[in-house]
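A.B. asks: Dropping the structure in here first, questions after.
The values are calculated or read from the model by the stated rules, or taken from the named source; none is laboratory data. Every value quoted in this text rests on a predicted model; they were computed, and no experiment measured them. Because the Cβ atoms are built from the backbone with ideal geometry, glycine has one as well, and the counts that use them run over all protein chains shown. With ligands, DNA and RNA removed, areas are computed over all heavy atoms of the protein, side chains included. Shrake-Rupley method; radii C 1.70, N 1.55, O 1.52, S 1.80 Å.
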Amino acid sequence: MDRSIFIVILLLHSSMTSVAEPTCSKFHYEEQTLEKMIRQEIKVENMNSDMRLTEQRVLDALEKLKTERSAYIKDLMKKEGDIEVLKTKMDEELKRIDEKMDNFSKEVQKIQELVLTPIIAFKANKANDISLGNNKVIVYSNIILNTGDSYNKDNGMFVAPVSGLYLFTAQVCLKKSVWVSIGIVVNDSIVSKAGIGENVWEKCYTIDAITAVEKGNEVLVKCTAGCANSDQLYESITYATNSFSGVLIHKTV
């Protein structure tokens, strides 16, 4: 405010002296110079004021940008958190779907295994040893059919390749005046047996068994009682022969 009063006084003084002094006097030149300096200073002040105003506007704009940037970062972090939660949920759901698909595939495989029963069947005849003995296995050495390759002609055993329900049949031919007990055995358990014999004629007898057999079980025919270490079996190419057969009826899982 003091500077403004001083400038006004100088301007009034310049007007008053301009009447008394000649136009080209030294004082007139100094007054003009001073006036120019004052005007220049006023311009500088106005420029400084504009610069301060511009600086303040820039600072306000930067502060606004800073606030907006902070809000944007918070919003972005929130969205990233939401995306991570959504991703976790999607991963869990995909895992559940994979587990369901895996269980479904297993169920389909079980159904296929139940429906598609493999062909397992065998038949062998001709006892390689016609002598019997208690608990002696009858070995049928001539293979007629062995689909599945599960009957062994060397030891007379059928080893089940799959679990399931099987039908086994054995024909045992005895000489006359021989009485014995014959059984079909699964893993040392007799599942079917019969006492057979004839005084007058050589005769063949048939026993069978429908039984559940586990994979790997051994099935065979043997003399269970009344058997002597002598030639008791009757074997004839022309009239009759001993035989052992089996077939898978239905596979189980």
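A.B. asks: What number of residues in the range 216-253 are among the aromatic types (Phe, Trp, Tyr) and within 19 Å of TYR151 (Cβ to Cβ)?
C.D. replies: Number of matching residues: 1.
A.B. asks: Please indicate, with yes or no, whether at least one residue in the range 162-180 is open to solvent by 40 Å² or more (accessible area, probe 1.4 Å), without any contact (Cβ under 8 Å) to a residue 60 or more places away in the chain and of a type in the set (A, V, I, L, M, F, W, C).
C.D. replies: Within the range 162-180, one or more residues are open to solvent by 40 Å² or more (accessible area, probe 1.4 Å), without any contact (Cβ under 8 Å) to a residue 60 or more places away in the chain and of a type in the set (A, V, I, L, M, F, W, C).
A.B. asks: Whether any residue in the range 175-187 is in a strand (DSSP E or B), closer than 12 Å to TYR234 by Cα and modelled with pLDDT under 95 is what I want to check.
C.D. replies: Of the range 175-187, the ones in a strand (DSSP E or B) are 178-186.
Next cut, closer than 12 Å to TYR234 by Cα only: 178.
Retained after the next criterion (residues that are modelled with pLDDT under 95): 178.
Yes: one or more hits.
A.B. asks: OK, next. Looking only at the range 241-253, which residues are open to solvent by 20 Å² or more (accessible area, probe 1.4 Å), among the hydrophobic types (A, V, I, L, M, F, W, C) and touching a strand residue (DSSP E or B) at 6+ places or on another chain (Cβ under 7 Å)?
C.D. replies: VAL247, ILE249
A.B. asks: Let me ask something else. Is it true that GLU218 is acidic (Asp, Glu) and crowded, with 18+ Cβ neighbours inside 10 Å? Can you show your working first?
C.D. replies: On the way: acidic (Asp, Glu): yes; crowded, with 18+ Cβ neighbours inside 10 Å: no.
No: the conditions fail for GLU218.
A.B. asks: I would also like to ask the following. Looking at the range 117-143, which of its residues are over 23 Å from ASP188 (Cα atoms) and free of Cβ contacts under 8 Å to residues at least 60 places away in the same chain?
C.D. replies: ASN142, ILE143
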